[in-house]
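So the structure is just underneath, and the comments pick up after that.
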2 protein chains.
Amino acid sequence: MSLVGSGGRRPIYLDCDTGIDDSIALAYLLASPEVELVGIGTVSGNVSAARAARNTLDLLHLAGRDDVPVAIGAQDFLAGSFDGGVPWIHGHNGVGDVMLPAAPREPDRRDAADLLRDLAHEHGGALSIVTVGPTTNIATALAREPGLPGLIRSVTTMGGAALAPGNISAVAEANIGNDPEAAAALLDAGWDCTLVPLDVTLENRLFERDCAALLDAPTALVRALGAMLDIYFDYYVPLYGERSCALHDPMAAAIAVGEVRSRRAPAVEIVVDTTRGPGRGQTICDLRGQRLGPVDQPGARTRVVLELDRPLGPHLVERLTRFDAPEAVR
Amino acid sequence: MSLVGSGGRRPIYLDCDTGIDDSIALAYLLASPEVELVGIGTVSGNVSAARAARNTLDLLHLAGRDDVPVAIGAQDFLAGSFDGGVPWIHGHNGVGDVMLPAAPREPDRRDAADLLRDLAHEHGGALSIVTVGPTTNIATALAREPGLPGLIRSVTTMGGAALAPGNISAVAEANIGNDPEAAAALLDAGWDCTLVPLDVTLENRLFERDCAALLDAPTALVRALGAMLDIYFDYYVPLYGERSCALHDPMAAAIAVGEVRSRRAPAVEIVVDTTRGPGRGQTICDLRGQRLGPVDQPGARTRVVLELDRPLGPHLVERLTRFDAPEAVR
């Protein structure tokens, strides 16, 4: 059992539906010396869980990290079927229709929930979880291993909308809205959790100049990210009025790493709407009483990030463009 | 049949649960030369419907307006019972425990829904409805008279929360949350409606200097409003950090009169959560796609007020302190 990863780096399990912004989050974690990515589980969302695993393996291969286990997780959600994803946002292959070189290996033989459980035991108490897709695998792991929260250091979840509008309904964000029951299981598990909602992810962006910087990076992985942004930027034109993109998943990664901190993130009661009504999938955050400043509600274990200490974009681009691991493909 | 009230003033039916801010809204309407208050229905909410009628009669008497019919409406809500109101906000009698001189008359023999229906026919197409309590009476009138929307010029409703937190739950505002089914009936009726939610009413306040101005007014009615504010100001100290009060109901009155206008009030799809889940009573306003500026959604008939053209407080105080009808009690 190791309390931290190699070289004192904090071990992280990433759960993702890779995805363009998932790819950026993954690369950011690989580029961050503070943490060690010790395992990845995939889930359906932006693409199928199987496609997400393929993308993840290929991205890791470009980074020279064929050592990181990648396990396929849930194809379907706890109370619903995967609907085919969002090719109009992330491209048909999930990575902006960029053709990545195929990794020479297959996914782990375990499923994502079992990989998470094994890693939690292996790193006994030191493992942090970062989720950037529906949290189906986490709910499954909690069902299989009720003692899981006691083995986990922290959970950072990209998802939900506190006071901002949703993105798949008026009030629901995609990760939570795809599997509200799984989100409820995660938020009710009794561990320290940080929810990273649309309220902040939509306010942090990458722009054309950032894309150009990524396309000029020394490593093939980061140049591939730059190439993926082409289709992703198009999607956001109606929202922002210009080519750019929100930083959903990379923000959860950066907050988990600790290089971007919350200026305002009160611990409040959060209930996921699991009805079949018009609010299904909403993360109902009780933000009454926050007018005079952030107030933690007694007993609340989940912090909802409402404001950062600095913009994420510049930090993200700097870290990615400096990424130059010896084993990475040039 | 008269298309407008006497002297060309637009006829208004007010539905209220009188209440301190209801009292201010009522006085504002009486003080507004643009409109004529032709009838009032009461509903349970801040106090019982019967108590609200008593308060309303007494307030009208102070204004020398014993001619305005006041009809008692729903004691209970469409799908729930009145729970006794909020004496810790509005005082035990609903008007801040201020003892008003008793009016020498009784409520109308009709109930509120019948009064509304009769007035709608009488003013054929010219009547505007202002609601500042639960909308139970309006739902009842719609059920009794399905043609009602064709007889009504416009509806202005104080209630709901769009992007702001709720006040009786994390997402529900009191008027809508007390009777979500009635709010759904009102919003689905197919008439032109303006929803005045907490997003704006909490941002407009009265302060100590305003209270002092009301206490110094020439009419007993307005001085009584000033006296009511004492207990009301106390209630808001934890929210605002100082003695002051939100302007919920007066804002709906001022918008209906037209003297305060919306700077940002897009017509959007609004669905009331009528489930028994955690979002019950939420006014789910679809505010996606509003980032680049207000956009009306095709087919939407309800405008949600998100920003005013000027602060309400100064206008309200000016109009109230100038109120000096010859028939009013000094």
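All of the numbers you see were taken from the coordinates with simple rules; none came from a lab. Predicted model, so just to flag it, every value in this text is computed and none were measured. Glycine also receives a Cβ, built like all others from the backbone with ideal geometry; neighbour counts cover every protein chain displayed.
In nanometres and ascending order, the distances from the B:E106 label point to those of the other copies are 8.7 (point 7 Å from Cα along Cα→Cβ).
Using equal-weight Cα scatterers in the Debye expression, the normalised intensity of region A:57-187 in log10 at q = 0.10, 0.18, 0.21, 0.23 Å⁻¹ is -0.38, -1.18, -1.37, -1.42. For the protein assembly as shown, the pair-distance distribution built from all alpha carbon pairs, in bins 10 Å wide starting at 0, is 3, 16, 23, 20, 14, 12, 8, 4, 1, 0 percent. Take every pair of alpha-carbon atoms less than 8 Å apart whose residues are at least six positions apart; their mean separation over the length of region B:10-321 yields a relative contact order of 20 percent. For A:S23, neighbours were defined as the other residues whose beta-carbon sits under 10 Å from its Cβ, and their charges (Lys and Arg +1, Asp and Glu -1) total -4. Largest first, the three principal axis extents of the alpha carbons in chain B are 51, 50, 37 Å in whole numbers. Which residue fluctuates the most in chain B, going by a Gaussian network model with Cα springs under 10 Å, if the choices are B:L100, B:L312, B:L247? Comparing B:L100, B:L312, B:L247 in a Gaussian network model of chain B, the most mobile one is B:L100. Note: region B:174-239, Cα convex hull, 139 Å³ per residue. Net charge dipole, chain A: roughly 460 debye, given to the nearest 20, about the Cα centre with Cβ charges of +1 for Lys and Arg and -1 for Asp and Glu.
Neighbours of B:W191, meaning other residues whose beta-carbon lies under 15 angstrom from its beta-carbon, give a summed charge of 0 when Lys and Arg score +1 and Asp and Glu score -1. The alpha-carbon positions of region B:191-319 define a convex hull whose volume is 149 Å³ per residue. When you filter the GluC sites (Glu not before Pro) in region B:242-330 for DSSP loop state and at most 14 other Cβ atoms inside 10 Å of their Cβ, you are left with B:E242, B:E327.
Scattering from region A:1-119 was approximated by placing one identical point on each alpha carbon and applying the Debye formula without solvent; log10 I(q)/I(0) at 0.11, 0.15, 0.18 1/Å stands at -0.34, -0.63, -0.90. Sorted shortest first, the distances from the A:E307 label point to those of the same residue in the other copies are 1.8 nm; each point sits 7 Å from Cα along Cα-to-Cβ. Highest mobility in the GNM of chain A, judged by mean-square fluctuation with C-alpha springs under 10 Å and restricted to A:L30, A:L57, A:L195, is found for A:L30. Over the C-alpha atoms of region A:67-137, the Rg to Rh ratio, Rh being the Kirkwood estimate, stands at 1.01.
Mean-square fluctuations from a GNM of chain A, with a 10 angstrom spring cutoff on Cα atoms, peak among A:L163, A:L127, A:L116 at A:L163. Between amide H atoms placed 1.01 Å from N, distances below 5 Å from A:A172 occur with A:G166, A:N167, all of them 5 or more places distant or on a separate chain. When shorter helices are ignored and each DSSP H run of at least 4 residues is given -39500 (n - 2.57), the per-residue value for the protein assembly as shown at 222 nm works out to -9500 deg cm²/dmol. Using the Karplus relation 6.51 cos²θ - 1.76 cosθ + 1.60 with θ = phi - 60°, the per-residue 3J(HN,Hα) values for region A:103-120 come to 5, x, 8, 10, x, 4, 7, 6, 8, 4, 5, 5, 4, 4, 4, 5, 5, 4 Hz, with x marking Gly and Pro. Pairs of C-alpha atoms in region A:173-212 farther apart than 13 Å represent 66 percent of all such pairs. Between copies, the label points of A:P218, set 7 Å from Cα on the Cα→Cβ line, lie 8.3 nm apart, reported in increasing order to one decimal in nanometres.
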